[in-house]
C-alpha cells in the first residue's frame, strides 16, 4: 500500500460528483432520516473501500435495526430482528440458529450445556464457523438485550491507557512549555477561534525542514506537547507532488484494509480536508514511521543535521508519542470529525483570506457530519 494512502476508487468517485466526501454522503442520503440515514452513509463508505471501526459500525447498525422495529410488538421484535439480519445477509440460516442461542443466553445470563452442544453441531457442519461464533453471540446479545431487560455486553472499543494517564496527558491544564514562534502567533489566534475547533488541536510548522514541529495546542492556544516529525519531500524534478500540503484537515479512522495491515491497529489516521489552494484532500495520512523504510527514516529523524523530508506527503511520527498523544486524543475527542490538524505553508506564510475560504469549507463538512 503506498504510504500516501492513495484510494483511487474513492478519488474517482469524489471527482465525478464534484462534492466533498461528506457533502456526497449527504446528497446520496437526503431522502432518508434518522438511523436509517446514518446506516446508509456507512454502507456507501464501505462500498468505497473504507473500513469503519467495529464499535462504530455495530453502533450504527444496531440503531438502524432498533429504528425499524420500534413500532413492533414485544412478541414480534425478535422475529423482526432475525428477518432483517437475514435480509441484509449479515448471517446465514445456520448462523441465525446460533444467534437465537445468543438470545437465550441473554435471557438466562449464560449458555446452557444443551446450547453448547447445539453450537458444536453448527461448527461441525461448517469448520469455519468458529471464526464468527463469538461475534454472532455478541451482536445477538447486543441487539436482544434491550427487550429482555438485561444489560448485555459493552460495545468493543479500542484499548486506551488508564484514566489517570488520559487526564495527565490531555485534560489537565499544564504550564506553558514555551512561547510559540512569533510567526505562528497570528495563525494560531485565527485557528483557535474557528467555530468547528471545540478543544485541543494540532498545528504543524514546516518552516525548518531539519526540525518540522508538530504542536498540540489547547483551545486557548497554549502548548501542551510538541514533537519533531517527518514530512513530505521538498518539491523538485523527481519529487513533484510529494510535499506535505498546507491546509486544514480532520483526523479520521476511516481507513482502507491495506492501511491497517501495514501500520497495525492504532498506527495510522487519514487526513480529510482542504489544501490551502482549496483542493479537496483525502489521500494523505499521519502515522507511525513508515514500516517498509523504518530503519532509514528513523536514522534521519534522529540526525539533527538531516532534513526530515522523508515521506511521500504523509506525516511520520515515532510510535510511542503517536499512540500516547495523537491516538489517545483522537478517541478522547470523540473520533472522526472532532480533532483538527492544521499544516502551515513552508515559510509560515499566512494569507488570511485563503485560510478563511478553506475554513468555511471544513465548517460545512463538520456540520454535515454532525447531522
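What follows draws every value from the coordinates through simple rules; no lab data is involved. All values reported here derive from a predicted model rather than from experimental measurement. We place every Cβ from the backbone using ideal geometry, glycine too, and count neighbours over all the protein chains shown.
Tabulated results
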item	result
Anisotropy class of segment 215-329 from Cα gyration tensor, a/c 1.5 cut	rounded
Per-peptide average of other Cβ atoms within 10 Å, ordering 34-46, 249-261 highest first	249-261, 34-46
Cβ-based exposure ranking for 244, 78, in which fewest neighbours within 10 Å come first	78, 244
Burial ordering of 31, 325, 287, fewest other beta-carbon atoms within 10 Å first	31, 325, 287
Separation between Cα centres of segment 191-228 and segment 346-362, rounded to whole Å	15
Percent antiparallel among DSSP beta bridges (both partners in segment 163-370, rounded to 5)	75
Segment 163-370 shape via C-alpha gyration tensor axes, a/c threshold 1.5	rounded
Neighbour-count ranking [beta-carbon atoms within 10 angstrom, fewest first] of 71, 186	71, 186
Percent RCO, i.e. relative contact order, over segment 244-291, from Cα pairs under 8 Å lying at least 6 residues apart	38
